[in-house]
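Enquirer: There's a structure below that I have some questions on.
The values are calculated or read from the model by the stated rules, or taken from the named source; none is laboratory data. Values in this document were obtained by computation on a predicted structure and should not be read as measured data. Note: ideal-geometry Cβ built from the backbone for every residue, glycine included; neighbour counts use all protein chains shown. With ligands, DNA and RNA removed, areas are computed over all heavy atoms of the protein, side chains included. Shrake-Rupley method; radii C 1.70, N 1.55, O 1.52, S 1.80 Å.
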Amino acid sequence: MVLLRKNSNLYLTLVRLRRNRLAVLGLWIMLILLLTAVFAPLLAPYHYATQNLVDAFEPPSWAHPLGTDDFGRDILSRIIYGAQVSLQVGVFAVSLAMLSGGVLGAIAGYYGGHLDDVIMRFMDVLFAIPQILLAITIAAALGPGLMNLTIAVGIAALPTFARIVRGAVLSIVGQEYIEAARCMGASDAWIIAKHILPNCSAPIIVQGTLRVAQAILAAAALSFLGLGIQPPFPEWGGMLAGSRGYLRDYAYMAVFPGLAIMITIMALNFLGDGLRDAMDPKLKR
Amino acid sequence: MGSPAVTETMVETRRLKKYFSTPKGPLHAVDDVNIFIAKGETLGLVGESGCGKSTLGRVVIRLLEATGGSVLFGDQDIVKFDKNDLRTFRKRAQMVFQDPYSSLNPRLSVEQLIAEPLRIHKVYPNERETSVRIKELMDTVGLAQRLATSFPHELDGGRRQRIGVARALALNPEFIVLDEPVSALDVCIQAQILNLLQDLKDQFQYTYLFITHDLSVVRHISNRIAVMYLGKVIELAHHLEIFENPQHPYTQALLSAIPIPKLDIVRKDRIILEGDVPSPVNPPAGCRFYGRCPSRQADCLEETPELVEIGPNHFLACCHPGAITAQKQPAQ
């Protein structure tokens, strides 16, 4: 393994990450959540859509550890299935934003000049609209559904990545080793792939982790507003919306999906903060 | 310019200009420079910070685009090269950079760094031959094989600069620009790298353009020395000639500033220049050195002196040369 050589950057990053307890906790929570999402059909005690009107509004019990909702559906099972949607939206929306925003930012930073101006002014326009409003607009225009939700959240997060990647690229382009590579006859593609991207991966990875949390929150908010995942498929934000009417009498219906959102976002933030510290070259050793 | 008939010219610049646009106007970093470098020689290029010597070195191998004039490499003008020509040219002309800390990608190991030029130009069809060549290059520049998998941050400045040299040699170039290759190193490592460069030149017959601000360094390694001031080459001669018979007042002042390594003497012949270097943005008309020249005369402002041959292989750009040579009497 070339990557895990004792003095490689990845190895050092992992060593430093392990010293940060909160980051390790965040990493474990995310792993558990990921496994939960993947094995949801095996883990969930009930199907997410199985209605049992006799058992509606049951408080937590042995049969229904987190209680049941207004249709008698098991809340634990719905939260477990809901992890699938949240993680998918979070990861795919951020990947979309990272890829498209990253390419635009890299082009702007590397070539500069008018191209830079045009791209970044367009990003400024996107920035000027509050992100949640932008996501709502896009989601409303595209219609509900997992795919459209992902696109809406992804586009809303795009300008952040364009800006971060551009900044990172600008700081690397001025380095002498880029000039050295050019002197050797390297093409632009070679320089970007071999020198620039590997050297600006740290801020992108950190921001990516933190943005997954925001994307999950945005997706939950859109679903809460009815613009995201449609019932009966469970989505944490959608579950919150469904419990809104019963908040006074059956608070647990809102508490558990809310806790799921909170724990996920907290874990991602711990992990992101930990990665940022671990990748900071100034803290080496 | 009358180049010596016996030797072949490797690089020649003709009225080479490089201006940078600044908000205040064009910055004349290199202005009408005419020099030639013969095949197999080392041309030392000296001057103070900001005089344009590094810019000249970069324009000569087209890391920067010239604003005007031409750079002849053999019989081709590299200023007119298209992408393909340039790619071939990169194999023939290379550069060693000043700072071995910032000129090496921190994420690549020594062997990856040395392999980069070979991989860019696909010199070898397979990894095995590439790694044989890497080993050979590491031997050539005196890097122990055990360092092959090390990263730059684990090595000292001298070893890093050896990597830089190995990268420059990898493609078997004919011409190498050395941009202050030792000024970021401490003194004893400087000597090692200079000896290495000299040995390599003897072994492979490279042509060097050696850029430096350190006169003691340039004296030992150069065949000829060019002195630059504010974007212009003002004097160019054989290295002994420059040190023993400098004609330009600026060269004389520069040489008089070399410290003598003895405690009990004070240099009496020290020429102290007054004032500062004028801004290279919209430089003064006439002789660029006028404002600080101890032997200036009224007509110096009338026209910009051209570099002309005043003696065998001694070129000078000054209207009233030799005016203060009388002062040059080394103190004992």
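Enquirer: Within chain B, what whole-number % of the accessible surface is contributed by carbon and sulfur, with the 1.4 Å probe and all protein chains included in the calculation? Don't skip to the end; give the middle numbers.
Expert: Working: 7620 of 15080 Å².
Answer for chain B: carbon and sulfur cover 51 percent of the accessible area.
Enquirer: Further, regarding this structure: Rounded to the nearest 20 Debye, what is the dipole magnitude of segment B:146-257 about its Cα centre when Lys and Arg each give +1 and Asp and Glu each give -1 at the C-beta?
Expert: Computed about the Cα centre, the dipole is about 260 debye.
Enquirer: Same structure, new question: If packing is taken as the average number of other Cβ atoms within 10 Å across a peptide's residues, how do A:101-111, A:142-152, B:228-238, B:301-311 rank, most packed first?
Expert: Sorting A:101-111, A:142-152, B:228-238, B:301-311 by mean packing, highest first, produces B:228-238, A:101-111, A:142-152, B:301-311.
Enquirer: Here's a follow-up. With unit charges on the beta carbon (Lys/Arg positive, Asp/Glu negative), name the residue among B:HIS314, B:TYR250, B:HIS220 whose Cα is farthest towards the positive pole of the charge dipole of chain B.
Expert: Going by the charge dipole, the pick is B:HIS220.
Enquirer: Another question about this same structure. Using a probe of 1.4 angstrom, how much of the accessible area of segment A:22-113 is carbon and sulfur, in percent?
Expert: C and S atoms contribute 76 percent here.
Enquirer: Let me ask something else about it. For B:ASN223 and B:GLU136 in one chain, what is 0.36 nm times their gap in residues minus the Cα-Cα distance, to one decimal in nm?
Expert: Fully extending the segment from B:ASN223 to B:GLU136 adds 28.5 nm.
Enquirer: Within the protein assembly as shown, what percent of beta bridges assigned by DSSP are antiparallel, to the nearest 5? It would help to have the intermediate numbers written out before the result.
Expert: Details: 29 of 47 bridges.
Given both bridge residues lie in the protein assembly as shown, the antiparallel proportion sits at roughly 60 percent.
Enquirer: If you place +1 on the Cβ of every Lys and Arg and -1 on the Cβ of every Asp and Glu, how big does the dipole about the Cα centre of chain B come out, in debye to the nearest 20?
Expert: Working: 38 positive and 39 negative charges, 149 e Å.
Result for chain B is approximately 720 debye, rounded to the nearest 20.
Enquirer: How much accessible area per residue does chain B have, counting only protein heavy atoms and a probe of 1.4 Å, in square angstrom? Don't skip to the answer; put the middle values down first.
Expert: Values: 15080 Å² over 332 residues.
Value for chain B: 45 Å² per residue.
Enquirer: Would you be so kind as to identify which of B:LEU118, B:LEU230, B:THR67 lies farthest towards the positive end of the dipole of segment B:9-327, taking Lys and Arg as +1 and Asp and Glu as -1 on Cβ and the Cα centre as origin?
Expert: B:LEU118
Enquirer: Once every DSSP H run of n ≥ 4 in the protein assembly as shown is given -39500 (n - 2.57) and the sum is divided by its residues, what mean residue ellipticity at 222 nm do you get, rounded to the nearest 500 deg cm²/dmol?
Expert: -15000 deg cm²/dmol
Enquirer: Residue by residue through segment B:178-193, which ³J(HN,Hα) values in whole Hz follow from phi under the Karplus form 6.51 cos²θ - 1.76 cosθ + 1.60 (θ = phi - 60°), with glycine and proline marked x?
Expert: Each residue of segment B:178-193 in turn: 9, 8, 6, x, 10, 6, 8, 10, 7, 4, 6, 6, 3, 4, 4, 5 Hz.
Enquirer: Between segment B:128-191 and segment A:54-90, what is the separation of their alpha carbon centroids in Å?
Expert: One Cα centre to the other: 64 Å.
Enquirer: Can you compute the charge dipole magnitude of segment B:1-76 about its Cα centre, using +1 on each Lys and Arg Cβ and -1 on each Asp and Glu Cβ, nothing else charged? Give it in debye, rounded to the nearest 20.
Expert: 280 debye
Enquirer: While we're here: Select from segment B:58-148 those GluC sites (Glu not before Pro) which occupy a DSSP coil region and have at most 13 other Cβ atoms within 10 Å, ordered by residue number.
Expert: Filter output for segment B:58-148: B:GLU65.
Enquirer: Something else about it: Need one value for B:103-112: mean number of C-beta atoms belonging to other chains within 10 Å of its residues' C-beta atoms. Please report the intermediate quantities before stating the final value.
Expert: Numbers: counts 8, 4, 12, 6, 9, 4, 4, 0, 0, 2.
Across the residues of B:103-112, the mean count of other-chain Cβ atoms within 10 Å is 5.
Enquirer: In segment A:1-149, with Lys and Arg counted as +1 and Asp and Glu as -1 at Cβ, which of these residues, A:TYR11, A:PHE122, A:GLY105, has the Cα nearest the positive end of the dipole, that is, farthest along it?
Expert: After comparing all options, I get A:TYR11.
Enquirer: Set the bar at 21 Å for Cα to Cα. Now go through B:LYS91/B:LYS122; B:LYS39/B:LYS83; B:LYS18/B:LYS80; B:LYS80/B:LYS232; A:LYS194/B:LYS122 and name every pair that lies beyond it.
Expert: Checking Cα-Cα distances, B:LYS39/B:LYS83; B:LYS80/B:LYS232 exceed 21 Å.
Enquirer: For the pair B:ASP264/B:ALA144, report the inter-label distance in nm, with labels modelled 7 Å from Cα in the Cβ direction.
Expert: 4.5 nm
Enquirer: For the protein assembly as shown, what value does the Rg/Rh ratio take when both radii are computed over Cα atoms and Rh is the Kirkwood radius, given to two decimals?
Expert: Radius of gyration relative to Kirkwood radius: 1.15.
Enquirer: Could you give the alpha-carbon Rg of segment B:9-327 over 2.2 N^0.38 Å, rounded to two decimals?
Expert: Normalised by 2.2 N^0.38 Å, the Cα Rg of segment B:9-327 equals 1.06.
Enquirer: Chains A and B: buried accessible surface, both sides, probe 1.4 Å, rounded to 100 Å²?
Expert: The buried area between A and B, both sides summed, comes to about 2200 Å².
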